[in-house]
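Here is the structure we will look at.
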Amino acid sequence: MKDETFELLHLLSIDALKVKDLHELIDNFGSCREVVCASREDLLGIVGEKAAAAIKSFAISDTLLRKKRKLAEMTVNITPYYAPEYPEWLTLIDRFPPILFIRGNIVPGDELSIAVIGTRGATVYGKEIARKFAAEFALAGVTVVSGMARGIDTEAHRGALQNKGRTIAVLGCGVDTCYPPENKTLMTEIVASGAVISEFDIGTPPLAHNFPRRNRIVSGLAKAVVAIEAKEKSGVMNTVKWALEQNKEVFAVPGNIFAKTSRGTNRLIKEGATPATSPDEVLEYLGVKKTEREMATQNISLDQDENIIWEALSCEPIFLDALAEKLDQPTSSILNILLKLEIKGYVKQLPGMSFVRKFE
């Protein structure tokens, strides 16, 4: 395919050109270059006067040159839907993005993917579940899709990366912007082990109205969606709405009935979402069998005393004193075992001398 970078960037810069208009133009003329080369009269058969005039004003300006240099410096591929690099399965959904900015690589195997989504204000329980589910999906060879937001999204990407799996982050801003900014290292790791993508032009800030559009891509890339924690009105519920419109299976992890962060997911279950209490249930739906590598990681080796402590822990934090009372054992001996489990990577210590199971 010929380099159409300037034409692609020009068309994306036209505010009067809506996504459906761009689809129709490309379908009609065959490529972005042919759209720009079309006559004003032919363009007016599809778009209005303002959009047609903007299209015909195409020229390789300093702005376009700077953008192209930046794309090259950051190794960003600007990819129309007719390019071989574009994920073909995404074109099966309604209103798929006509153009994607891709950092990293999307490969055919990424079609077997699961979207893991949830609230930014996640609990310890939610974060551990996200990391655990994503880790096991990765171990089973399934790509994890999420939005790189704080909370559940971040932990989902980390869970996949920690197990050398592939993961795709879909942004609500340009791929040259790291949002949230504290995920800069995570973003670099995702690019190396999958892709960071967006339909928004570089330089686009993370504006609130971008994220509902972003969500249709998150669900559109995946075979199924797993909602871990969500408030009743949230971006998670918007993603689920898109998933249902796309005929994707929706799973929801049950949560504390008193927690605001679980009201959305618990409501989804009441309304027909499939409850997911383990990653295996989701993998079974996709017809994915456990790999030898995955099963080997599940063989946790503990002695009798360590196993007693392990069984008393969960994804909900428990204070050392409460654990000692629960097991009727001295805090000193329990702490000694907890520290051993922490060194082995099975336990995580939180502020205030509280502990949770650690899944990686």
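The table for this structure:
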{"quantity": "Subset of the range 1-32 [farther than 16 Å from residue 48 by Cα, assigned to a loop (DSSP other than H, G, I, E, B) and free of Cβ contacts under 8 Å to residues at least 60 places away in the same chain]", "calculated": "2, 3, 30, 31"}
{"quantity": "Condition broken by residue 233, with the remaining ones in (1) surrounded by fewer than 19 Cβ atoms within 10 Å (Cβ to Cβ); (2) at pLDDT 95 or above; (3) not hydrophobic (A, V, I, L, M, F, W, C) satisfied", "calculated": "(2)"}
{"quantity": "Residue within the range 179-192 that is farther than 15 Å from residue 158 by Cβ, surrounded by 21 or more Cβ atoms within 10 Å (Cβ to Cβ) and out of contact with any Asp or Glu (no Cβ under 6 Å at 6 or more places or on another chain) present", "calculated": "no"}
{"quantity": "Candidates 132, 67 - the one that is more than 25 Å from residue 243 (Cα to Cα), touching a residue at least 60 places away in the same chain (Cβ under 8 Å) and out of contact with any Cys (no Cβ under 7 Å at 6 or more places or on another chain)", "calculated": "67"}
{"quantity": "Residue count, the range 5-41 (criterion: surrounded by 14 or more Cβ atoms within 10 Å (Cβ to Cβ) and of a type in the set (Asp, Glu))", "calculated": "4"}
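The values are calculated or read from the model by the stated rules, or taken from the named source; none is laboratory data. All of these numbers come straight from a predicted model, not from anything done at the bench. Virtual Cβ from ideal backbone geometry, glycine too; neighbours counted across all protein chains shown.
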